[in-house]
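The values are calculated or read from the model by the stated rules, or taken from the named source; none is laboratory data. Keep in mind that what you see is a predicted model, and the values were worked out from it rather than measured. Note: ideal-geometry Cβ built from the backbone for every residue, glycine included; neighbour counts use all protein chains shown.
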Amino acid sequence: FFLRYGHHLDFHPFPSQALANQTRFQRGIKLILDLCLTKRFDLFPTMLVPDGAFMIDRRMGVDGYPLDIQALFYTALQAASELLLPEDDYVPVVKERLGHLTFHIRNYYWLNLDRLKEIYRYDVEEFGEAATNKFNVYADTIPDWLMQWLPDSGGYFVGNLGPGRMDFRFFAQGNLMAIITSLADEEQSQAIMDLIEQRWEDLVGEMPMKVCYPALEGRDWQIITGCDPKNTPWSYHNAGSWPFLLWELAAAAQKTGKSELARKAITIASQCLLKDNWPEYYDGKNGRLIGKKARKFQTWTIAGLLAAQQLIDNPEHLNLVSFEDTAVMICSMDIAEIVAMNK
């Protein structure tokens, strides 16, 4: 972002491309890639992490392959492919991983009504290339709330996916970043925004927007969070409402041609944030209450609103934070196409 912004302003005293081309800068990118792309005992192109490894930094059942991490991983790979020198040996490695990751997320994390019907009728314990239930997900794990909540049109990327496990919760940051960075294809991006529009009261309510939906309650809350008093249902990371997500909502809305949703969310947030002294998060099913333990005058809360307004006022600024769909999905290509591409 910093380099793109410097280039956008045509700020000549700070040659952004020259900085990116510096040996130390290039080495830094490669060291990070070495850490992320090193060979592991893992079969998936996604990144394996422990619980609480990102913004949700407490026990919330987000260990494994959480969507938020995969969206950020994809963003980092896209940034690396843009910043590395074109002739660098790391470039094809990054692009290949981008292709595998894109295919994996778009095909296996995606959930809409048609996909739900398919999962509901899955066979289990399948083996071989012909298996349709590749992660051995049992239909009995589909939560009751999802049957009524998922609209006829619309869809989203599930929160987590691994062997025998699919987390059906909606995680806002992962889905919004998927739109902004083109991890989601155009049809999926529109479907995610359709879902947000149709489930506005649940996901936005009186303060944009829910970090995840729905909350863990009852026995699930006790077991998964360890009875965490900070992550009680509809609070903090357990389906609390976080105003910093407003900029991501605005960017995703702008990219999908639904700017009216961004304006609506900005209007809602503007009515409360200044009066409430810019709290970190809000509690309650509709986000009506300032978070019980929320800190006030939070920089990222203020920045979320300002950035959202800037994106709406200056649509061209979307290019500073977004990527185009350039990933070649290796898994979806036949051998002849791959050979032709490498000639």
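Just one of the listed residues (Leu161, Leu183) is in a loop (DSSP other than H, G, I, E, B), surrounded by 20 or more Cβ atoms within 10 Å (Cβ to Cβ) and within 15 Å of the chain's Cα centre (by Cα), namely Leu183.
If you check Gly174 against the conditions, is it part of a loop (DSSP other than H, G, I, E, B) and small (Gly, Ala, Ser)? Considered against the rule, which asks whether it is part of a loop (DSSP other than H, G, I, E, B) and small (Gly, Ala, Ser), Gly174 comes out as no. Restricting the first member to segment 252-275 and to residues that are in contact (Cβ under 8 Å) with a residue 40 or more places away in the chain, and the second to residues that are crowded, with 17+ Cβ neighbours inside 10 Å and acidic (Asp, Glu), the beta-carbon pairs closer than 7 Å and six or more apart or on different chains are Leu261/Glu197; Ile268/Glu206. Listed by first and then second residue, the pairs linking a residue in segment 150-177 that is of a type in the set (D, E, K, R) to a residue that is not in a strand (DSSP E or B), with Cβ atoms under 6 Å apart and 6 or more places separating them unless they lie on different chains, are Asp152/Leu113. What about Glu206, is it surrounded by fewer than 23 Cβ atoms within 10 Å (Cβ to Cβ), modelled with pLDDT of 95 or more and not in a loop (DSSP other than H, G, I, E, B)? Taking the combined requirement at face value, the residue does not satisfy it.
Scanning segment 40-63 turns up no residue that is among the aliphatic types (A, V, I, L, M), assigned to a helix (DSSP H, G or I) and either within 16 Å of Val93 (Cβ to Cβ) or at pLDDT below 95 (or both).
In a loop (DSSP other than H, G, I, E, B), among the aliphatic types (A, V, I, L, M) and surrounded by 13 or more Cβ atoms within 10 Å (Cβ to Cβ): does that describe Val137? Explain how you work it out, then say what you get.
Details: in a loop (DSSP other than H, G, I, E, B): yes; among the aliphatic types (A, V, I, L, M): yes; surrounded by 13 or more Cβ atoms within 10 Å (Cβ to Cβ): yes.
Taking the combined requirement at face value, the residue satisfies it.
Provide a single number: the residues in segment 184-212 that are touching a helix residue (DSSP H, G or I) at 6+ places or on another chain (Cβ under 6 Å) and within 30 Å of Glu125 (Cα to Cα). Number satisfying all stated conditions: 1.
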